[in-house]
1. For the chain, modelled as a Gaussian network with Cα springs under 10 Å, which listed residue fluctuates most, Ala28, Ala61, Ala37?
2. Considering the chain as a Gaussian network with a 10 Å cut-off on Cα pairs, which listed residue, Glu53, Glu96, Glu41, attains the greatest mean-square fluctuation?
3. Counting only protein heavy atoms and a 1.4 Å probe, tell me what percentage of the chain's accessible area is made up of carbon and sulfur.
4. Compute the relative contact order of the chain as a whole-number percentage, counting only Cα pairs closer than 8 Å that sit 6 or more residues apart in sequence.
5. Measuring from label point to label point, each 7 Å out along Cα→Cβ, what is the Arg29 to Glu96 span in nm?
6. With labels modelled as points extended 7 Å from the Cα through the Cβ direction, what inter-label distance (nm, one decimal) is found for Lys66 paired with Phe48?
7. What are the semi-axes of the equivalent ellipsoid for the chain, taken as the square roots of 5 times the Cα gyration tensor eigenvalues, largest first, in whole Å?
8. Taking H placed 1.01 Å from N in the peptide plane, check which residues at least 5 places from Tyr19 or on another chain put their amide H under 5 Å from its amide H.
Amino acid sequence: MYMAIAVENSHHPANQSNYRVWHLELDARGSVVSIGAMTREEVVQSLFKHYKETGRSNWKAFLKDKEQSTSIELYDFISKNPNENTHFGNLPSLSEFQETLKHLQLKMEMSPIAA
(Lines give C-alpha, C1' and ligand atoms only; values in the text may rest on other atoms or scores of the structure.)
Protein backbone atom coordinates (compact mmCIF):
# COMPACT_ATOMS: atom_id res chain seq x y z
CA MET A 1 0.00 0.00 0.00
CA TYR A 2 1.06 3.57 -0.64
CA MET A 3 0.38 6.56 1.63
CA ALA A 4 0.52 9.98 -0.07
CA ILE A 5 2.15 12.41 2.36
CA ALA A 6 3.18 15.52 0.39
CA VAL A 7 2.94 17.16 -3.02
CA GLU A 8 5.52 18.90 -5.17
CA ASN A 9 3.62 21.23 -7.49
CA SER A 10 4.70 22.57 -10.84
CA HIS A 11 5.99 26.13 -10.58
CA HIS A 12 4.27 27.22 -13.80
CA PRO A 13 0.55 28.10 -13.42
CA ALA A 14 -0.33 26.48 -16.76
CA ASN A 15 0.95 23.11 -15.47
CA GLN A 16 -1.02 22.81 -12.22
CA SER A 17 -2.05 19.24 -13.08
CA ASN A 18 1.62 18.21 -13.36
CA TYR A 19 2.65 17.40 -9.82
CA ARG A 20 4.66 14.78 -7.97
CA VAL A 21 3.21 12.88 -5.03
CA TRP A 22 5.65 11.96 -2.26
CA HIS A 23 4.61 8.73 -0.60
CA LEU A 24 5.46 6.06 1.93
CA GLU A 25 5.31 2.45 0.80
CA LEU A 26 3.83 0.29 3.57
CA ASP A 27 3.93 -3.49 4.03
CA ALA A 28 0.97 -5.62 5.16
CA ARG A 29 1.72 -4.82 8.84
CA GLY A 30 1.75 -1.07 8.17
CA SER A 31 5.51 -0.69 8.54
CA VAL A 32 7.28 1.75 6.25
CA VAL A 33 9.27 -0.07 3.55
CA SER A 34 10.39 2.95 1.50
CA ILE A 35 9.76 6.59 0.67
CA GLY A 36 9.54 7.88 -2.88
CA ALA A 37 7.82 10.17 -5.36
CA MET A 38 5.61 9.52 -8.38
CA THR A 39 4.11 11.76 -11.02
CA ARG A 40 0.34 12.03 -11.26
CA GLU A 41 0.43 9.69 -14.25
CA GLU A 42 2.45 7.09 -12.32
CA VAL A 43 -0.06 7.18 -9.46
CA VAL A 44 -2.90 6.56 -11.92
CA GLN A 45 -0.96 3.67 -13.52
CA SER A 46 -0.36 2.18 -10.07
CA LEU A 47 -4.08 2.45 -9.28
CA PHE A 48 -5.08 0.79 -12.58
CA LYS A 49 -2.60 -2.04 -12.04
CA HIS A 50 -3.80 -2.72 -8.49
CA TYR A 51 -7.49 -2.49 -9.48
CA LYS A 52 -6.82 -5.06 -12.20
CA GLU A 53 -5.08 -7.39 -9.71
CA THR A 54 -7.30 -6.96 -6.63
CA GLY A 55 -10.34 -4.87 -7.52
CA ARG A 56 -9.52 -2.08 -5.04
CA SER A 57 -7.28 0.91 -4.43
CA ASN A 58 -3.79 0.54 -2.99
CA TRP A 59 -3.44 4.28 -2.22
CA LYS A 60 -4.40 6.43 0.77
CA ALA A 61 -3.66 10.07 1.51
CA PHE A 62 -3.18 12.18 4.63
CA LEU A 63 -4.75 15.43 3.50
CA LYS A 64 -4.22 18.82 5.12
CA ASP A 65 -6.36 19.53 8.17
CA LYS A 66 -7.78 15.99 8.30
CA GLU A 67 -7.62 13.59 11.24
CA GLN A 68 -7.75 10.36 9.21
CA SER A 69 -6.39 9.13 5.93
CA THR A 70 -8.68 8.81 2.93
CA SER A 71 -8.60 6.35 0.06
CA ILE A 72 -7.49 7.59 -3.36
CA GLU A 73 -9.73 6.23 -6.13
CA LEU A 74 -9.55 6.31 -9.92
CA TYR A 75 -12.63 8.55 -10.17
CA ASP A 76 -10.73 11.23 -8.19
CA PHE A 77 -8.70 11.87 -11.36
CA ILE A 78 -11.71 12.77 -13.54
CA SER A 79 -11.41 16.45 -12.64
CA LYS A 80 -9.36 18.69 -10.37
CA ASN A 81 -10.74 21.31 -8.03
CA PRO A 82 -8.78 24.52 -8.79
CA ASN A 83 -8.61 25.24 -5.03
CA GLU A 84 -6.80 21.97 -4.27
CA ASN A 85 -3.23 20.99 -5.09
CA THR A 86 -4.00 17.41 -6.25
CA HIS A 87 -6.90 15.63 -7.92
CA PHE A 88 -7.78 13.92 -4.62
CA GLY A 89 -7.56 16.87 -2.19
CA ASN A 90 -5.01 19.15 -0.52
CA LEU A 91 -1.78 17.46 0.47
CA PRO A 92 0.84 19.32 2.49
CA SER A 93 3.65 20.80 0.41
CA LEU A 94 7.13 19.35 0.89
CA SER A 95 8.14 22.28 3.10
CA GLU A 96 4.98 21.93 5.22
CA PHE A 97 5.63 18.22 5.63
CA GLN A 98 9.23 18.88 6.67
CA GLU A 99 8.02 21.39 9.28
CA THR A 100 5.65 18.73 10.66
CA LEU A 101 8.54 16.27 10.93
CA LYS A 102 10.64 18.87 12.77
CA HIS A 103 7.82 19.49 15.27
CA LEU A 104 7.37 15.76 15.81
CA GLN A 105 11.10 15.31 16.40
CA LEU A 106 11.15 18.20 18.87
CA LYS A 107 8.13 16.79 20.71
CA MET A 108 9.78 13.37 20.92
CA GLU A 109 13.00 14.89 22.27
CA MET A 110 11.10 16.84 24.93
CA SER A 111 8.83 13.98 26.05
CA PRO A 112 9.94 12.28 29.28
CA ILE A 113 10.61 8.58 28.98
CA ALA A 114 8.12 6.51 30.98
CA ALA A 115 9.62 3.94 33.31
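The values are calculated or read from the model by the stated rules, or taken from the named source; none is laboratory data. Bear in mind that the values here come from a model prediction, so they are computed numbers and not experimental data. No Cβ is skipped: glycine too gets one built from the backbone with ideal geometry, and neighbour counts run over all protein chains shown. SASA here: full protein model, heavy atoms, side chains in, ligands and nucleic acids out. Shrake-Rupley method; radii C 1.70, N 1.55, O 1.52, S 1.80 Å.
1. Ala28
2. Comparing Glu53, Glu96, Glu41 in the GNM, the peak value goes to Glu53.
3. About 54 percent, which is the carbon plus sulfur part of the accessible surface.
4. In percent, rounded to a whole number, it is 25.
5. Between Arg29 and Glu96, the label points sit 3.3 nm apart.
6. Reported label-point gap for Lys66 and Phe48 is 2.4 nm.
7. 27, 19, 12
8. So Tyr19 has HN proximity to Arg40.
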